[in-house]
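Take a look at the structure below.
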Amino acid sequence: MAMLSANLSSSSFSFVPSRRSQTHKETASVTRVRKDSIFNKASLRTASIEHRDHHQTLTDANTRLRRLCESGDLENIVKLLRASRKYDIDPRTLCSVLQLCADTRSLKHGKEVDSFIRRNGFVVDSNMGSKLALMYTNCGDLREARRVFDQVEIEKALFWNILMNELAKAGDFSGSIELFEKMMGSGVVMDSYTFSCVSKSFSSLRSVDGGEQLHGYVLKLGFGECSSVGNSLLAFYLKNGRVDSARKVFDEMTERDVISWNSMINGYLSTGLTEQGLYMFVEMLCSGIEFDLATVVSVFAGCADDSCLVSLGRAVHGIGLKACMSREDRFCNTLLDMYSKCGDLDSAKAVFREMSDRSVVSYTSMIAGYAREGLAGEAVKLFSEMEEEEGISPDVYTVTAVLNCCARNRLLEEGKRVHEWIKENDMGFDIFLSNALMDMYAKCGSMGEAEIVFSEMPVRDIISWNTIIGGYSKNCYANEALSLFNLLLEEKRFVPDERTVVCVLPACASLSAFDKGREIHGYIVRNGFFRDRHVANSLVDMYAKCGALLLARLLFNEIASKDLVSWTVMIAGYGMHGFGKEAIALFNQKRREGIEPDEISFVSVLYACSHSGLVDEGWRFFNIMRHECKIEPTLEHYACVVDMLARTGDLSKAYRFIENMPIPPDATIWGALLCGCRIHHDVKLAEKVAERVFELEPENTGYYVLMANIYAEAEKWEEVKRLRKRIGQRGLRKNPGCSWIEIKGRVNIFVAGDSSHPETENIEALLRRVRARMREEGYSPQTKYALIDAEEMEKEEALCGHSEKLAMGLGVLTSGHGKIIRVTKNLRVCGDCHEMAKFMSKLTGREIVLRDSNRFHHFKDGHCSCRGFW
C-alpha cells in the first residue's frame with residue numbers, strides 16, 4: 001500500500017496533479033511566504049532599531065545642546081556642534097543657540113554657529129534668519145546683520161526695528177532709513193516702534209522732507225493716534241526747529257503723556273520762546289498731567305534765561321519740594337543754577353547749603369553765580385574750598401568759570417594762581433582751558449602771558465587764534481594782531497570765521513590801515529560774512545576810523561537789520577569826523593525807528609556835539625538822557641559836557657559844572673578842562689586845574705606834557721623846565737610824537753625829528769618848498785608850537801621835523817595821483833602842522849585825512865572839517 005501510494009504519487013506528480021500534490025504545493029508556497037514575511041519583519045525590526053538609534057542620537061544631541069544652552073555653556077555647545085552632523089541637529093535647537101549668543105553678545109561663538117549652518121547647508125528660513133540677524137545686531141556686527149536681512153525674508157517687525165535702532169545708535173542714520181525702505185518693500189507689517197526708530201534717523205540727518213513724508217505715511221497707516229509715534233514726530237520737528245509743526249502734531253494727539261508735554265515745553269524753551277514754553281507748563285498743570293523731574297528741570301532752565309521769571313521759579317521750587325524731588329541731584333543743581341543766573345544769590349546760597357550731596361556741578365554753578373555778580377573773591381575762595389574741604393576735584397567747566405571770573409574782574413594775580421593749579425593737576429593741555437587762560441590774560445592786559453599760553457598749546461583751534469588776535473587788538477597791539485592774522489592765512493590749517501574778522505578789524509581801525517581793511521572787506525564779501533551783524537558793525541567802524549566816512553555810511557545803509565550798536569557806531573563815526581549835525585540827525589532817526597538809546601549812544605552824540613561846537617544841542621541831549629530816558633550820567637557823559645564847554649571857550653562855566661557834579665570828577669574830566677585851557681591860552685586856570693589832575697593821576701605823563709606845552713606856548717620857559725624836572729624826578733617818560741601812513745600795504749612810521757626813513761631827504765626838500773610857498777602867500781610859521789626855548793630859525797626847523805609833516809610829505813611823494821593821503825598820529829596835532837596840512841591840500845590838490853588822538857581832520861582845498869574845534 002505504501003508502494004501504491006508511492007506509484008500513484010509518482011504518476012500523479014508527473015502528469016496530472018493530484019489533490020495531495022496540490023496541497024503540498026500550497027503548503028510550500030505558504031511556507032515560502034512565511035519565510036519572506038519573517039525576513040521582512042526582521043528587516044523592518046532592524047530598520048526600526050536603526051531609526052530608533054538615530055532618533056535617539058538626534059534627540060540626545062539636541063537635548064544636550066538645550067541643556068548646555070540653559071547653563072550658558074557656549075564653549076561646549078560649539079565643541080558638540082563641531083562633532084555633529086547636519087542630521088543630528090534640529091534647526092530649532094540652532095535658533096536657541098543663536099539666541100544665547102545674542103543674549104551674551106558672544107560674536108565669536110555666534111560666528112561658529114553661523115559657520116555650522118552654512119557648512120551643512122541648512123535652509124535659513126525667517127525664524128532662523130531672525131535669530132542670526134539678532135545675534136549679529138546684538139554683538140555689534142551690523143554689516144553681517146544687514147547681510148542676513150538682504151538674503152532672508154524676515155517677517156517679524158521686531159527684528160527690523162532692532163537693527164534699525166542699532167544702526168541709528170552707531171551713527172549710520174542713512175543705513176537705518178535704507179533698511180526702513182526695504183522693510184516697506186518687503187511687505188512686513190510695521191508697528192509703532194518702527195516709526196519711532198526711523199523718525200530718530202530723519203531727525204539726526206535734519207531731513208525735513210523725509211520726516212514730513214514719514215509723517216504722511218504714519219497718518220496713512222493709522223498710527224497717528226499712537227502716543228509713542230506722536231512723541232517721536234514731536235522730537236523730529238523740534239530738533240529741526242519746526243516748532244509750529246510740532247505744536248500741530250501735539251494738538252492732534254488724542255493721548256498725550258508726560259513725554260509729549262515735556263517735549264513741547266523743552267522745544268519752546270530751547271528755541272528762545274520762553275514765554276510759550278512756560279505757558280505750556282501752566283497748561284500742563286491745569287490739565288492734570290503728572291509732571292516729572294524732567295519737566296521741572298526744563299522749567300528751571302527757562303526761568304534762568306530771564307531774571308524777571310525768578311518768581312515763577314520759586315513757585316516751581318515749592319511744587320518740586322511737595323513732590324519730594326529735593327533729594328534729586330538734578331533738581332538741586334538746576335535750581336541752584338536758576339537762582340544764580342537770576343541774580344538771587346541769597347536763594348542760591350540757601351539751596352547750596354541745604355544740599356546733602358554737593359557735586360562738581362553744584363560748585364561750578366555757585367562759582368559762576370558769584371562771577372556774574374562781580375563777587376570775584378567769593379568765587380575764587382569757593383574754588384579753593386571745594387577741593388581742600390570737600391575733596392571734590394574741579395573739572396574743566398569749574399576752572400573755566402573761575403578763569404572767566406578773573407577775566408571779567410581783571411584779577412590777574414588770582415588768575416595766575418589758577419594757572420599754577422592747572423599746571424600742577426596736568427590740565428594744561430586741555431584746549432578749552434588754554435583758550436580760557438588766554439582770554440583771562442588778554443582781558444587783564446597781560447599779553448606776554450597770553451602769548452606764552454598760545455605758543456605752548458600742542459593743539460589749537462580757530463577759537464585759539466581768535467582769542468589771541470582779539471587780545472592783541474583790544475590791548476592796542478594792532479601790528480601784532482595783523483601779523484598773527486596774516487600767519488593764520490599763511491598756515492591754511494584753519495579758515496578764519498566771522499569771529500576772526502570781528503577781532504582783526506579793530507586792529508585795522510587802530511592803525512588806520514585802510515588798504516588792509518579793504519582786503520578783509522573783500523574776504524568778508526567772498527564768504528558771505530556781511531550777513532552777520534557783528535561783522536557788519538565792525539566793518540562800518542573800521543571804515544569810519546580809517547577816515548572813509550562815505551564808505552562807512554554806504555555799508556551802514558546796507559545792514560538789513562540794524563541794532564543799537566549799528567546806529568551808535570555810525571553816530572560815533574560822524575562825531576569823530578566833526579559832522580555833528582549829521583550825527584544828531586542819525587540819532588533822531590534811530591529814535592523814530594523805535595530803537596531807544598543807551599548810555600553809550602548818548603556818549604557818542606554828546607561827543608559829536610562837543611567836536612562840532614553844538615553847545616545848545618549838547619545840553620538838550622544831556623537833559624533828554626536824564627529826564628526822558630531816565631539814564632543817570634556817568635563820568636563819560638560829564639567829560640563830554642566839560643569838553644564841549646571848554647572847546648567853545650566857556651571855561652569858567654565848565655569849571656563850575658565840575659564843582660557841582662553829583663559824583664567825584666576823575667582825571668579825564670579835569671583833563672578835558674585842561675585841554676580847553678590850552679586851546680584858549682588860559683594859563684592861570686590851567687595851573688589850578690593841573691594840580692587837581694596831578695593829584696588824581698600822578699603817574700600819567702600826558703598831563704605833565706600838556707601843562708608844559710601850555711607854558712611853552714605862553715613862553716614861560718622856567719615853568720617848562722620846572723615841569724620837565726618834575727617829570728624826571730618821578731621817573732616818568734614822555735611818549736614821543738609818532739605818526740604813520742600806509743603806502744601800498746606797508747605802514748611807514750615817523751617819529752618827531754627822525755631822519756632814518758630812506759625818503760627823508762626828498763620829504764624835507766618838499767616841506768621846505770611848501771614852507772617857502774606859504775611865506776609867499778603870507779603864512780608865517782607858528783613857532784610857539786615848537787615848544788623849545790630857542791631862536792626863531794631853530795624853532796622853525798624843529799617844526800619841520802614834526803612827525804605828521806613827515807608822514808604827509810611821504811604821502812604826497814609816493815602815493816598814487818589823486819589818492820587820498822591818510823595819516824594817523826598818536827598825539828594831538830599841533831597848530832602849525834594843522835596850518836601846513838590845510839595849505840598842502842590846496843597846493844597839491846590832494847585830500848589829506850589826518851587822525852590824531854582827539855578826532856579826524858579832513859583837509860581839502862585849504863580848509864579843515866574841524867572848523868577850529870579840535
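The values are calculated or read from the model by the stated rules, or taken from the named source; none is laboratory data. Nothing here was measured: the structure is a model prediction, and the numbers come from that model. Positions of Cβ are generated from backbone atoms using ideal geometry, with glycine treated the same way; all protein chains shown enter the neighbour counts.
Residues of the stretch 816-869 being touching a strand residue (DSSP E or B) at 6+ places or on another chain (Cβ under 7 Å), of a type in the set (D, E, K, R) and more than 22 Å from D515 (Cβ to Cβ), which ones? Listed by number, the list holds a single entry, K838.
Answer with yes or no whether S841 is without any contact (Cβ under 8 Å) to a residue 40 or more places away in the chain and within 43 Å of the chain's Cα centre (by Cα). Here the answer is no, as S841 does not meet what is asked. The listed residues are F122, F116, F159, and the only one of them that is buried (at least 20 other Cβ atoms within 10 Å of the Cβ) and of a type in the set (F, W, Y) turns out to be F159. Being in a helix (DSSP H, G or I), buried (at least 19 other Cβ atoms within 10 Å of the Cβ) and among the hydrophobic types (A, V, I, L, M, F, W, C) is a property that I154 lacks. Only residues that are part of a helix (DSSP H, G or I), surrounded by fewer than 23 Cβ atoms within 10 Å (Cβ to Cβ) and in contact (Cβ under 8 Å) with a residue 24 or more places away in the chain: list them for the stretch 305-315, please. Within the stretch 305-315, S307, L309, V310, L312, R314 meet the criteria. The set of residues from the stretch 687-728 being closer than 11 Å to L674 by Cβ and of a type in the set (D, E, K, R) comprises E687, K688, E691, R692.
On the basis of being surrounded by 16 or more Cβ atoms within 10 Å (Cβ to Cβ), touching a residue at least 60 places away in the same chain (Cβ under 8 Å) and either within 44 Å of the chain's Cα centre (by Cα) or assigned to a helix (DSSP H, G or I) (or both), does S604 make the cut? The answer is no for S604.
Would you confirm whether or not the stretch 616-632 contains a residue that is part of a loop (DSSP other than H, G, I, E, B), surrounded by 20 or more Cβ atoms within 10 Å (Cβ to Cβ) and at pLDDT below 95? No - not one qualifying residue is present in the stretch 616-632. Applying a threshold of 8 Å to beta carbon distances and a minimum spacing of six or more residues, or different chains, the list of pairs starting in the stretch 226-238 at a residue that is surrounded by fewer than 19 Cβ atoms within 10 Å (Cβ to Cβ) and ending at one that is among the basic types (K, R) reads S227/R256. Only residues that are farther than 22 Å from V296 by Cβ and surrounded by 22 or more Cβ atoms within 10 Å (Cβ to Cβ) were counted across the stretch 239-254, and they come to 1. Of the numbered criteria (1) surrounded by fewer than 20 Cβ atoms within 10 Å (Cβ to Cβ); (2) in contact with a helix residue (DSSP H, G or I) (Cβ under 7 Å, 6 or more places away or on another chain); (3) assigned to a helix (DSSP H, G or I), the one F281 fails is (1). Consider the stretch 330-372 and keep the residues that are hydroxyl-bearing (S, T, Y) and not in a helix (DSSP H, G or I). The one that is farthest from the chain's Cα centre (by Cα) is S356. Residue check: is G613 more than 28 Å from K825 (Cβ to Cβ) and not in a helix (DSSP H, G or I)? Judged against the criteria, G613 is not a match. When the stretch 182-230 is examined, which residues are found to be closer than 17 Å to S263 by Cβ and among the aromatic types (F, W, Y)? Listed by number, the residues that qualify are F195, F202.
One residue is enough: does the stretch 573-589 have a residue meeting the conditions among the β-branched types (V, I, T) and under 30 Å from S739 (Cβ atoms)? No, every residue in the stretch 573-589 fails to be among the β-branched types (V, I, T) and under 30 Å from S739 (Cβ atoms). At least 1 residues being among the basic types (K, R) is the threshold, and among the helices (runs of 4 or more DSSP H) wholly inside the stretch 647-760 those reaching it are 651-659, 667-679, 683-696, 717-729.
Criterion applied to M840, M836 was being part of a helix (DSSP H, G or I), over 25 Å from A712 (Cα atoms) and not charged (D, E, K, R), and the one residue passing it is M840.
Take the stretch 539-565 and flag every residue that is among the acidic types (D, E) and outside any loop (DSSP other than H, G, I, E, B). Hits for the stretch 539-565 are D541, E558.
Residue count for the stretch 393-426, restricted to those that are crowded, with 17+ Cβ neighbours inside 10 Å and in a loop (DSSP other than H, G, I, E, B): 3. For the stretch 695-705, filtering for residues that are surrounded by 14 or more Cβ atoms within 10 Å (Cβ to Cβ) and either modelled with pLDDT under 85 or not aliphatic (A, V, I, L, M) (or both) leaves 7.
Within the stretch 507-541, the set of residues being closer than 20 Å to Y477 by Cα and either within 24 Å of the chain's Cα centre (by Cα) or among the β-branched types (V, I, T) (or both) comprises A507, I520, S538, L539, D541. Could you tell me whether I319 is surrounded by fewer than 19 Cβ atoms within 10 Å (Cβ to Cβ), of a type in the set (A, V, I, L, M) and without any contact (Cβ under 8 Å) to a residue 60 or more places away in the chain? Yes: the conditions hold for I319.
Among the residues of the stretch 255-264, is there at least one that is crowded, with 23+ Cβ neighbours inside 10 Å, assigned to a helix (DSSP H, G or I) and either among the hydroxyl-bearing types (S, T, Y) or at pLDDT below 85 (or both)? Yes: one or more hits. K744 meets all of the listed conditions (1) out of contact with any Ser or Thr (no Cβ under 6 Å at 6 or more places or on another chain); (2) at pLDDT 85 or above but one, namely (2).
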